[in-house]
Ligand SMILES: [Zn+2]
Ligand SMILES: [Zn+2]
């Protein structure tokens with residue numbers, strides 16, 4: 001989100017009493033230089049192209065530290081595998097296309113509405129809302145003719 005992720009890393013690490021190390025810098029570059037959601041292995045691939053000496057366990061340690069500092073977010077998007085990205089608020093939820101695999105962010109107040117509903121109607125105070133919606137993205141859904149039977153699928157049981 002920031003135009004200067006490199007400065008963000010240094011400032012955040014130093015403020016929290018941590019040093020800027022080569023592996024930490026390489027991991028942060030790999031995560032922050034893409035809008036994608038990457039597995040630790042995918043991050044390791046990217047880091048390895050810059051610095052082949054960084055091993056997988058120091059990549060995991062860096063990710064754990066960044067998560068603790070609120071810099072990265074971990075979500076399970078594809079069959080439970082952990083995916084990492086630059087932190088974003090719960091209010092942005094994930095939409096994953098089951099055809100092309102693309103993951104998009106939806107920003108809006110829908111998650112806030114869920115929180116409010118849970119608090120008001122169920123007296124449930126939500127800490128974190130991790131919302132993953134799967135389906136067909138705009139591009140993929142435009143390739144298949146949308147049939148009326150598809151549109152109403154989810155409701156049929158209720159409406160009768
Ligand atoms: Zn995301
Ligand atoms: Zn798609």
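If r is the Cβ-Cβ distance from residue 82 to residue 117 and R0 is 22 Å, what FRET efficiency results, to the nearest 0.05? The calculated FRET efficiency here is 0.15. Is the C-alpha gyration tensor of segment 56-135 telling us rounded, prolate or oblate? Criteria: a/c under 1.5 is rounded; beyond that, a/b larger than b/c is prolate, otherwise oblate. Taking the square roots of the gyration eigenvalues as a ≥ b ≥ c, segment 56-135 is oblate. Helix 110-122 and the long axis of the chain differ in direction by around 70°, with both axes built from C-alpha atoms. Multiplying the residue separation of residue 41 and residue 129 by 0.36 nm and removing their Cα-Cα distance gives an extension gain of 29.1 nm. For the chain, the longest principal axis of the Cα atoms and the long axis of helix 56-68 meet at an angle of about 70 degrees. Ordering 58, 141 by the number of other Cβ atoms within 10 Å of each residue's own Cβ, fewest first, gives 141, 58.
The order of the peptides 47-53, 27-33, 126-132, 91-97 by mean Cβ neighbours within 10 Å, most packed first, is 27-33, 91-97, 47-53, 126-132.
Within segment 89-146, antiparallel bridges make up roughly 55 percent of the DSSP beta bridges whose residues both belong there. Helix 5-15 and the long axis of the chain differ in direction by around 70°, with both axes built from C-alpha atoms. Rounded to the nearest 500, the 222 nm mean residue ellipticity of the chain from helices alone is -12500 deg cm²/dmol, with -39,500 (n - 2.57) taken per DSSP H run of at least 4 residues. Taking the DSSP beta bridges in the chain as the whole, what percent of them are antiparallel, to the nearest 5? Here the antiparallel bridges make up roughly 75 percent for the chain.
Each value in this text was obtained by applying a stated rule to the coordinates, not by laboratory testing. Remember, predicted model here, so these are calculated numbers, not experimental data. Every residue, glycine among them, receives a Cβ derived from its backbone with ideal geometry; neighbour counts consider all protein chains shown.
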